[in-house]
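Working notes, structure below.
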Amino acid sequence: MKKCYSNIFAFNKKTLSKAIKHLKNGKVAGLPTETVYGLAGNAYNKKSIQKIFRLKGRPYSNPLIIHYYSLEQAIKDVEINTNFLTLFKKFCPGPITFILKRKISTKIHPLALAKLKTVGIRFPSHKITRSILKEINFPLAMPSANKSFHVSPVDADDVYDEFKKKIRLIIDGGKSKIGLESTVIDLTKAPEILRPGIIDKKILNKYIKFKSKKKFKNKIIRSPGMMKKHYSPGIPVLINQKKYDNKSAFIYLGNKYKSNKNFFSLSKNNNLKEAASNLYKVFRTIKKRGFKKIQISNIPNLGSGIAINDRIKRASKN
Ligand code: TXA
Ligand code: MG
């Protein structure tokens, strides 16, 4: 039976007004997006930003993504450029975050940006969050609605799982279709992907020119969310596993292991997009069932598989 929590609300006119009022008053809310659920607050308001960091237990050195309804709103805060406009036209609203230079005149609270001179901006496509963004005159700072280093939430119950009653308002917008966080691309100079997502480099390459590949080793962490310890289901994760150890939860692609309760297929027909959308839910289910370890078989490193491998590699670093 589906559990009902008093701080999870279905979306309707009444709860739309409630959410708007809530955010205008500097409070935070759990909101659905097409990627994962976010913990939203007024990006121009210091108190809202502080609440977000405090609830997440997030270091102030890790900047938040700022979410907008329209380009008109965003250009108040960032300097745009040709690459941005090309990608904006093609992919927005959608699951991509652009790192751009902030305008000196921006009203975004510096704490939200970890005092950086750049801003990560995103235009989410989820209808509910768009309808909220449309009605407020400030953008939303919105990291994924999970405690720092945990796995991101993909439905309202996952958000409840993370914060219980510590947040008063969670809007139920169904399961996030994509299920992995947005692609983060730095456009302050030659484009560079800082966090792979569903919109992958091969797709982006059709529209913009990337700089040639540099060695990753010893590079400064330019996107603080790229810290190795991240996206953790809270138990050890072993990747590229060939042999089942007879006790762990085993995550794989396909339908080889039909009925055993220890085996979790991310996609029965090897669809990598579907696999990406199931990964975090499977992590949570496994943890709840009390498994002590997760084994993951090889995931092809192409298309959405690149983003999956990025996340499971980080999960395995704990
Ligand atoms: O799909 C998403 O992007 C979700 C939904 C809720 O929109 N949000 C999300 O936010 O994943 P968060 O805070 O969990 O991850 C934001 C990532 C972090 O890795 C952060 O370091 C990076 O974006 N980031 C934000 N602003 C940045 C900046 N100015 N420069 C470099 N990296 C930045
Ligand atoms: Mg996150």
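Can you bin the stretch 94-190 into rounded, prolate or oblate? Criterion: square roots of the alpha carbon gyration tensor eigenvalues sorted a ≥ b ≥ c, rounded for a/c under 1.5, prolate for a/b above b/c, oblate for the rest. It comes out prolate by the Cα gyration axes.
Ranked by the mean number of other Cβ atoms within 10 Å of their residues, highest first, the peptides 144-154, 231-241 fall in the order 144-154, 231-241.
Treating r as the C-beta distance of Y207 and N246 and R0 as 35 Å, the FRET efficiency rounds to 0.15. In the stretch 239-294, the portion of solvent-accessible area held by carbon and sulfur atoms comes to 47 percent [1.4 Å probe, whole percent, DNA, RNA and ligands not counted]. Subtracting the Cα-Cα distance of K175 and K76 from their residue separation scaled by 0.36 nm leaves 32.4 nm.
For the chain, the Kirkwood estimate of hydrodynamic radius, built from reciprocal distances between every pair of different alpha carbons, is 20.0 Å. The slack between K89 and K14, meaning 0.36 nm per residue of separation minus the straight C-alpha distance, is 23.7 nm. Computed with a 1.4 Å probe over protein heavy atoms only, the accessible surface of the chain comes to 50 Å² per residue.
With contacts defined as alpha carbon pairs under 8 Å and 6 or more residues apart, what's the relative contact order of the chain in percent? With pairs under 8 Å counted, the relative contact order is 20 percent. For the chain, the antiparallel share of DSSP beta bridges with both residues in that region comes to about 45%. Given 20 °C and 1.002 mPa s, how large is the Stokes-Einstein diffusion coefficient of the stretch 4-151 in µm²/s, with Rh as the Kirkwood radius over Cα pairs? Approximately 139 µm²/s, per Stokes-Einstein.
Computing FRET efficiency as 1/(1 + (r/R0)^6) for K147 and S105, where r is the C-beta to C-beta distance and R0 is 51 Å, gives about 0.90.
Each peptide in 177-184, 162-169, 280-287 receives the mean, over its residues, of other Cβ atoms within 10 Å, and ordering these scores from highest gives 177-184, 280-287, 162-169.
Along each principal axis, taking the top coordinate minus the bottom one, the Cα set of the stretch 1-85 gives 50, 31, 27 Å in descending order. Every helix of 4 or more DSSP H residues in the chain counts as -39500 (n - 2.57), and over all residues that averages to -8000 deg cm²/dmol at 222 nm.
Phi angles across the stretch 100-116 convert, under the Karplus curve 6.51 cos²θ - 1.76 cosθ + 1.60 with θ = phi - 60°, into 3J(HN,Hα) values of 10, 6, 7, 7, 4, 7, 4, 9, 4, 5, x, 4, 5, 9, 6, 6, 6 Hz, Gly and Pro given as x.
The values are calculated or read from the model by the stated rules, or taken from the named source; none is laboratory data. What you see is a predicted model, and the numbers here were worked out from it, not measured in a lab. Neighbour counts run over all protein chains shown; Cβ positions are idealised from the backbone, glycine included. With ligands, DNA and RNA removed, areas are computed over all heavy atoms of the protein, side chains included. Shrake-Rupley method; radii C 1.70, N 1.55, O 1.52, S 1.80 Å.
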